[in-house]
1. For residue 33, indicate whether it is assigned by TED's automatic domain parsing to the domain that holds residue 214 and in contact with a strand residue (DSSP E or B) (Cβ under 8 Å, 6 or more places away or on another chain).
2. How many residues does the stretch 17-31 hold that are under 27 Å from residue 175 (Cα atoms) and of a type in the set (A, V, I, L, M)?
3. Could you check how many residues of the stretch 270-317 are more than 23 Å from residue 104 (Cα to Cα), in a loop (DSSP other than H, G, I, E, B) and of a type in the set (D, E, K, R)?
4. Within the stretch 151-166, identify whether any single residue is surrounded by 19 or more Cβ atoms within 10 Å (Cβ to Cβ) and within 30 Å of residue 61 (Cβ to Cβ), and answer yes or no.
5. Counting only residues that are surrounded by fewer than 16 Cβ atoms within 10 Å (Cβ to Cβ) and either aliphatic (A, V, I, L, M) or closer than 20 Å to residue 21 by Cα (or both), which one in the stretch 47-68 is nearest to the chain's Cα centre (by Cα)?
6. Can you tell me which residue within the stretch 221-244, out of those that are surrounded by 16 or more Cβ atoms within 10 Å (Cβ to Cβ) and basic (Lys, Arg), is nearest to residue 183 (Cα to Cα)?
7. Find the residue count for the stretch 170-204, including only residues that are without any contact (Cβ under 8 Å) to a residue 12 or more places away in the chain, more than 16 Å from residue 128 (Cα to Cα) and outside any loop (DSSP other than H, G, I, E, B).
8. Take the stretch 205-220 and flag every residue that is buried (at least 20 other Cβ atoms within 10 Å of the Cβ) and either among the basic types (Lys, Arg) or in a strand (DSSP E or B) (or both).
Amino acid sequence: MSVFISNHTFSSQSSEVGTLHTNSAEKVAFKIRGKGAKIFVIKDNKLLIVAKYIKPDVKWYDLEIQAKAGSSKVSQSFRIVNDQFNTNKVIAHRGAWKNTGASENSIAALQHAIRMGCQGSEFDVHMSADSVLVINHDPTIQGLAIATSPASQLKNLKLSSGENMPTLEAFLKAGLTQNNTKLILEIKPATDNLRSLQLAQKVVEMVKNLQAQAWIDYISFDYTICREIQRLDPYARVAYLNGDKSPSVLAADKIWGFDYHFSVLQKNEPWIAEGKQKGLTINAWTVNEEAMMKWFLDRRIDFITTNEPELLFKLVKK
């Protein structure tokens with residue numbers, strides 16, 4: 001039995017955090033344990049934060065929720081984050097690297113994106129031969145195929161800036177020190193369907209173990225991966241990248257949003273209005289020219305992924 005919360009943030013706008021669920025078919029009783037027992041309460045399976053603990057200087061609270069269904073009992077830890085995440089539409093593609101001297105997909109590029117105040121910083125995840133999750137855009141790096149190379153070899157590789165190739169664990173831990181910039185986690189399709197599913201499972205497991213749900217938006221070109229993430233976490237925010245499915249199909253499958261190449265959205269402009277009508281989030285990648293940025297800003301899409309976050313910031317308000 002697993003416990004799920006429909007939301008992992010709190011704000012000054014409402015005392016309600018989210019609804020508690022499990023994957024058990026039996027009636028479930030929930031109980032808060034540990035320090036969180038005085039900060040949160042549960043009413044009708046809804047998790048609420050006590051008003052006096054809604055403080056602007058608190059980044060997050062940790063709590064443990066116990067669920068009991070029949071003879072089964074499980075406890076699970078969660079981090080409930082003060083929602084101070086930026087809302088400026090700027091998603092730094094592979095981090096902020098092009099104009100900063102950092103290597104793309106590096107921890108330094110992530111940190112530059114955070115310091116800039118980007119709404120999100122995107123990065124790409126592959127799995128090594130021994131099932132370690134690492135960050136890189138291509139399936140190969142410096143002549144090595146990631147899927148057939150051991151993590152011990154990959155982790156010693158130096159990026160162009162001198163930084164070591166990061167593991168997903170190290171990358172996430174660097175991003176989880178703040179509550180302003182979201183982490184846009186792209187799961188790259190693997191060499192076969194089984195390995196893709198294993199990759200998705202290991203990613204979601206790591207996000208759960210690090211209590212990182214509030215920070216993570218998932219994206220993938222592989223629809224099977226998107227659906228597997230949903231199966232593992234019904235409340236995960238999952239957007240599809242490939243551009244071959246209409247908003248009506250995505251909405252029917254309860255996908256959170258679509259994240260399509262700018263050319264797809266320009267050729268299928270009605271999808272923007274349809275996506276909004278169906279409650280989907282809309283992102284365009286990779287938009288690097290000012291005129292095209294303005295085109296999407298005029299249509300009020302939710303996010304714009306770019307290699308030029310500095311330029312996009314000139315057109316939007318932080």
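The values are calculated or read from the model by the stated rules, or taken from the named source; none is laboratory data. Everything quoted here is computed from the prediction, not taken from an experiment. So basically every Cβ, Gly included, is an ideal-geometry build from the backbone, and we count neighbours across all protein chains shown.
1. No; evaluated as a whole, the condition is false for this residue.
2. Going through the stretch 17-31 one residue at a time, the tally reaches 2.
3. Residues flagged as more than 23 Å from residue 104 (Cα to Cα), in a loop (DSSP other than H, G, I, E, B) and of a type in the set (D, E, K, R) within the stretch 270-317 amount to 5.
4. yes
5. Looking at the filtered set, the residue picked out is 62.
6. Out of the qualifying residues, it is 237.
7. Of the residues in that region, 0 qualify.
8. 216, 217, 218, 219, 220
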